[in-house]
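The values are calculated or read from the model by the stated rules, or taken from the named source; none is laboratory data. The shown structure was predicted, so the numbers you read here are calculated from the model rather than taken from an experiment. Positions of Cβ are backbone-derived with ideal geometry, glycine not excepted, and every protein chain shown enters the neighbour counts. Quick note on the areas: whole protein, heavy atoms, side chains included, nothing else; ligands and nucleic acids left out. Shrake-Rupley method; radii C 1.70, N 1.55, O 1.52, S 1.80 Å.
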Amino acid sequence: MEKGRCDSMATVGIIGLGNMGSVIATLISKQEGHSLLLANRTFKKAQKLAEVLNGNAVINLDIFEKADVIFLGVKPKQIEGILKEGQEILAHSDSKLLVSMAAGLTLKQLSEMVPSHHRFIRMMPNTPLEVGEGVITYALGNTASPDDEVLFTSLLEKGGLLLELEESNLDAATAVAGCGPAFVYLFIEALADAGVQQGLTRKAALLLATQTVKGSSLMVEETKAHPAILKDKVCSPGGSTIAGVASLEETGFRASILSAVDRAKKRTEELRK
């Protein structure tokens, strides 16, 4: 998603270097001109990643003091404690842009945890960012500026699709795109298992399943055709494919996906309480 060009240099700090924090750090390191500060509960992990990404391993307080943009890559229940740790520094610093990756926590909740002159963006990334084909959905806080959005998107543009949404839709987007990769991996595994059951080697079955999902996904993206239309093109009258589709419908495949996304969204909503 192109929002403009950012030519300004920024000091970017990331607190929390779990799976997503590390991926975000890697993406930002690919953008020239920015300084990268990395902090983690296990300092050695920050040191190791800093060596790889040409960043600097620091403690949380250093990030609150020195960074212009602060990515919070910790769990929802840890956010308030982390922000309290930097409260005194934030109270006396110029306005900073804070970016939360904590599922469920609203911009209103986040803004109440820091002095009011700071700005927030709430984002939800997914794991395929690691291969440049991910999704980042995000919503801007009331005090975030267009320049903040340009900087934010420029830092992460190498990860894949960036999509701004109304904050009210972020939990649904989290359930679809944030949790969705796990559902897709489960489908790939099941499709490969089915191939093995029918006599294919594990290697061949996994290759076939993986490429089939990849190619089908690209067909939807590049043709812009509705998935139902593309499905119908594969289903010959009385053929093998429609027999398989009928079995999926009989065993509740579609209903199972709807239920999984609904349950994931409800769990995301629970995390803010």
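A few comments on the model shown:
- Whole-number percent relative contact order across the chain, with pairs defined as alpha carbons under 8 Å at least 6 apart: 15
- Rounded to the nearest 20, the size of the Cβ-charge dipole of the chain about its Cα centre is 760 debye, with Lys and Arg at +1 and Asp and Glu at -1.
- A Cβ-based charge dipole, computed about the Cα centre of the range 1-123 with Lys and Arg at +1 and Asp and Glu at -1, lands at about 460 debye.
- List His118, His226, His92, ordered by accessible area with a 1.4 Å probe, largest first: His92, His226, His118
- The chain - accessible surface per residue (Å², probe 1.4 Å): 58
- When each of the peptides 17-26, 253-262, 30-39 is scored by the mean number of other C-beta atoms lying within 10 Å of its residues, the order from highest to lowest reads 17-26, 30-39, 253-262.
- Taken over the alpha carbons of the range 9-109 as equal point scatterers, the Debye sum produces base-10 log I(q)/I(0) values at 0.10, 0.12, 0.15 Å⁻¹ of -0.24, -0.34, -0.54.
- Sequence ranges 138-146, 187-195, ranked by mean other-Cβ count within 10 angstrom, highest first: 138-146, 187-195
- P(r) of the range 224-273 over all Cα-Cα pairs, binned every 5 Å from zero, in whole percent: 4, 17, 16, 18, 15, 11, 8, 6, 4, 1, 0
- Taking the Cα centre of the range 136-273 as origin and assigning +1 to Lys and Arg Cβ atoms and -1 to Asp and Glu Cβ atoms, the resulting dipole is close to 640 debye.
- Within the straight-line cut-off of under 19 Å between alpha carbons, the aspartates and glutamates reachable from Lys96 are Asp7, Asp62, Glu65, Asp68, Glu80, Glu85, Glu88, Glu112, Asp147, Asp148, Glu149, sequence neighbours fewer than 8 places apart in one chain being disregarded.
- The chain, helix-only ellipticity at 222 nm - DSSP H runs n ≥ 4, -39,500 (n - 2.57), divided by all residues, nearest 500: -15500 deg cm²/dmol
- Entry for Rg/Rh (Cα atoms, Kirkwood Rh) (calculated from the structure that is shown) out of (i) 0.94; (ii) 1.01; (iii) 1.04: (iii)
- Of all accessible heavy-atom area on the range 191-273, the percent that carbon and sulfur account for (1.4 Å): 60
- The relative contact order of the range 104-184, computed from alpha carbon pairs under 8 Å that lie at least 6 residues apart in sequence, is 32 percent.
- Placing unit charges on the Cβ atoms of the charged side chains and taking the dipole of the range 99-242 about its Cα centre, the candidate lying farthest along the positive direction among Leu110, Thr210, Ala139 is Thr210.
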